[in-house]
Each structure stands twice: as structure tokens, then as C-alpha cells.
Amino acid sequence: MPVAARTTRRAAVANENDENSNTRMATRATKSVLGDDGKATKGALQTRRTTSAAAGPRNALNDVSNRNRTETVAGKKPKGLVSKAQPTAPKQTTRVASKAAAPKEQPKRVEKRPSGNGGTAQKRKLSEQEKENLLEIAREPVAETKPDRKNLSRPENKVPEADKAQFDDIDDEDRDDPLMVAEYANEIFEYLRDLECKSIPNPQYMQHQDELEWSTRGILVDWLIEVHTRFHLLPETLFLAVNIVDRFLSKKVIQLDNFQLVGITAMFIASKYEEVLSPYIGNFKRITNDGFTEEEILSAERFVLSTLDYDLSYPNPMNFLRRVSKADNYDIQSRTIGKYLTEISLLDHRFMAFRPSHVAAAAMYLSRLMLDRGEWDETLAHYAGYTEEELDPVVHLMVDYLARPVVHEAFFKKYANKKFLKASIISRQWAKKNAIVFGITDIDLSLYHLDE
């Protein structure tokens, strides 16, 4: 794909219809307060531009030698520094001796450029001799050098050309933008992929939970999605909050009465970690209908963080989804549906065993399949990190979830909005028609209902 045909990341993000839109970033902080009387001053968020005055003379930065300090007299150029055009003279042992001898040698500069016919004839003679030497060199055979040049021009001997990747460099258009750090993009995502194994919770942690079930977890996550929507938080905040809940439950056994407290505390921690201006703790208390006090939320925050060893490093699936979307030329429809499919992994516990990058790649693959955007080419497979065969298990789970009746209503209504291009409705209609193609026949499709 030619680079000129690609749209830049900033232009795509500016037109994005999710929570990362630039028009919504300015109002997210005020909307998240939800009726709180406290007002945040803009001066606390704005950075002050400091102007640096000259701390000292600039000559210290430009002075690369101490020679001028010792050899300059009364601001004049020392005469001892003779030019290269001067005839060669015996080398002086010290600079003081060269300075003393310099005025006597100055008149000899005229001898370097003689005037008259004699000087002109000597110059022409040297030019003719040089021409003859060049002609002799041109007549010499060059059989020894020509084969090497031909071998270098052969495709089989050009290692860089033979091993050149068959995919486009999507970071090439951002080389001039220092904020995009295009030269470190590949290393950053390699680090995130290495970090995925450390942040995956125990997929079977529900076995040691006495009062909890997977369906109860789905109800809690569906409620957290509703809270996340009302607070107008970033997508990264939601994914991090669910990851905190799962990692905490993988290590601790809790009662059913404290399950909602764990969820709201995880959202409180994630918002302080990801958001520019986190909602006030009183808003989290009111969103639970005053079921918990502020002291209980703060106490639960300390307990959750100490259980996780204060490690909140989480390779968010949105990072990988944006990476693949960049390789997809920022197609807004496939990206929006891919975002909806990625959030399915939050509600369905069967996705917990897969890496976030694996889920994001499968979501983009399935969204492009729904919209008939073409095959999964080498460029997409390279930047996603997975081939079609590796994506099949995750895609199968997504289609299975979509083909079943709606269980999580808050999640479905969120993406049924026009702001998200009715991604939930489009995806479920497509899954209903193509469920048999994926071998999903153990569900009763007559129970399938959609709000047209």
C-alpha cells in the first residue's frame, strides 16, 4: 500500500467515533463529575512554559580550543597561523618560535603564484600531463572490477533485497513526528507482547471461589461497562479495571457481598491510573446507591493494590487494536466493530486464557470479514502477530457469543448507538446468518432477537 494513500494517525483519531475523539477529550473531565460541586481549575492542568535566560556567556559553548586565548593579541589574528598556500618551511619546535619567524616569511607568498608567461606555461604543462595520465588510466583494462559490479547487481547476491519484507512500513509516515516515536514503535510492541504473559489472570480462579460464579462475574462486568459509559472514561480504563478484578480474584477469596466493592474499587484505581482527571470518590460511592462508604472504598483500594504488589502494568488490548487498525489504513467501520468485538472478551470468561494481542487481532480479523474488506494479507498478519490459522479459535468464540441471545444488555445497548455505528446490531445480524459456517449449531436461533 503506498504511503501517500495512507491517512495519518492524527487525522484518523480526530475523526474517530469512540471515547478517544479529540472533541470529547476536552469535555470528559467535566462530564465525569456527575453533579459534583467541586470545580477543577485549568491552571492545575496546564503546563507553564518556562523561558530559559542566558546563564552565562555563550562563548563557552562555541569555544572548542584554547588556542585563540593564548595566541590572540589585542583582538587580532596571530600572524603565526600561516595558510597552507605558504611554501613549506622547517617545522618549528614551539609556537613562540613560529610567531617570531612569521613576519619574515610573509613576503615569500608572492613566489607561490608567479606572474608572466613562465608561470602560465608551467601551469599548462602540468595540466597536459594530468590529462595524459587520466587517458592512460582510462585505457587500462578493468576486467577485474567489472564482474564484481555485475555480481552486486544480481538479485540473488543482494541479501537485503532478497530478505526484504513483503509488507508496508506503517511507521514511515510518522518519522517526522517526535510524538509518535516511530523509531521505537517495534521495540515498544515487542515489550508489550513480553509483558502479556505476566499480566494474564488465572483462567480457572472461579474454582476456589465459594460464593461466586462466572455468570455473576458477567453481571458485574456488564455493570462496570455502564458505569464506564456514564463517567465518559477512556477505553483503557475499562480493560484495566476488569484485569484488576480478575487478577485480584485469582489470589483472594471474597464473599458475594463484597463483590461489587471489588468492582467499583478496581474502576476507581484504573481511572486514577489512566485518566487525566479521575472522577471524585464521592461519585463512585453514589453510583453504588451509597452501598459503600468512602472509607470502605479507600480501604479496599489499599488492600487490592497490596495484593497486586502495586503492579498495574497491563498491555491493553486497545494498543494492539490501534496498531492493527493503522495497518488497515484506519478504516473507521472495521475499527469500531473491532472495538466492540474486543470488549466481548471482558464479559465472556472463555477469553481469559488468550493474550490481549490475540483477542485484538481476532477482533480486527472478524470485523474485516463482516465488512468484506479483503483477505488477511501479510502486512496485517505481520503487525497483528498472528496468522489466520492462529486466529480461528478466538474468532470461533466471538461468533459463538454473538449468535446467542443477548445476555448483557448494557453492553449491547452501548454499541447499538449511532455513535458506535450500531456495531452490536450489525455484528449479531451477521453472526446469525453465518453461525452454521463456523460450525455453531448447538444453540436455538429462534431465541435470537434484535432491537431494529
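The values are calculated or read from the model by the stated rules, or taken from the named source; none is laboratory data. Only a predicted model underlies this, so the values are computations on that prediction, with no experimental measurement involved. With ideal geometry, Cβ positions are generated from the backbone for all residues, glycine too; neighbour counts draw on all protein chains shown. Heads up: the accessible areas ignore ligands, DNA and RNA and are worked out on the full protein's heavy atoms, side chains in. Shrake-Rupley method; radii C 1.70, N 1.55, O 1.52, S 1.80 Å.
Approximating the spin labels as points 7 Å out from Cα along Cα→Cβ, the CYS197-to-ASN258 distance works out to 3.3 nm. The mean accessible area for residues of the stretch 305-382, using a 1.4 Å probe and ignoring ligands and nucleic acids, is 31 Å² per residue.
Which of the trypsin sites (Lys or Arg not before Pro) found in the stretch 172-238 are loop residues per DSSP with 11 or fewer other Cβ atoms within 10 Å of their Cβ? Hits after loop and neighbour filter: ARG175. At a 1.4 Å probe, what is the % contribution of carbon and sulfur to the accessible area of the stretch 347-420? Percent of accessible area from carbon and sulfur atoms in the stretch 347-420: 48.
Computed from the alpha carbon atoms alone, the convex hull of the stretch 179-283 holds 112 Å³ per residue.
The GluC sites (Glu not before Pro) found in the stretch 189-290 that occupy coil by DSSP, while having at most 14 further C-beta atoms within 10 Å, are GLU211, GLU213.
Return the subset of LYS326/LYS413; LYS285/LYS339; LYS413/LYS433; LYS251/LYS339; LYS272/LYS339; LYS272/LYS432 for which the Cα-Cα distance in this structure is over 31 Å, preserving the input order. Among LYS326/LYS413; LYS285/LYS339; LYS413/LYS433; LYS251/LYS339; LYS272/LYS339; LYS272/LYS432, the Cα-Cα distance tops 31 Å for LYS272/LYS432.
At a 1.4 Å probe radius, which order do SER306, SER278 fall into by accessible area, largest first? Write out the running numbers ahead of the final one.
Numbers: SER306 55, SER278 35 Å².
Largest accessible area first, the residues go SER306, SER278.
Applying D = kT/(6 pi eta Rh) to the stretch 275-335, where Rh is the Kirkwood radius over alpha-carbon pairs, T corresponds to 25 °C and eta to 0.890 mPa s, the Stokes-Einstein value obtained is 165 µm²/s. For the stretch 355-426, how big is the tail of P(r) above 21 Å, as a whole percent of Cα pairs? It works out to 32 percent of all Cα pairs. A 1.4 Å probe, protein heavy atoms only, puts the accessible area of TYR310 near 150 Å². Both the radius of gyration and Dmax for the stretch 347-393 are 10.8, 31 Å, in that order, over alpha-carbon atoms. Within the stretch 345-373, which residues have the backbone N less than 11 Å from the label spot 7 Å out from HIS208 along Cα→beta-carbon, could you tell me? From the stretch 345-373, the list is empty. Under the simplified labelling scheme, the PHE438-HIS382 pair shows an inter-label distance of 2.9 nm, with each label point 7 Å from Cα along Cα→Cβ.
In summary, the convex hull built on the alpha carbon positions of the stretch 227-368 has an orientation-averaged projected area of 8.9 nm².
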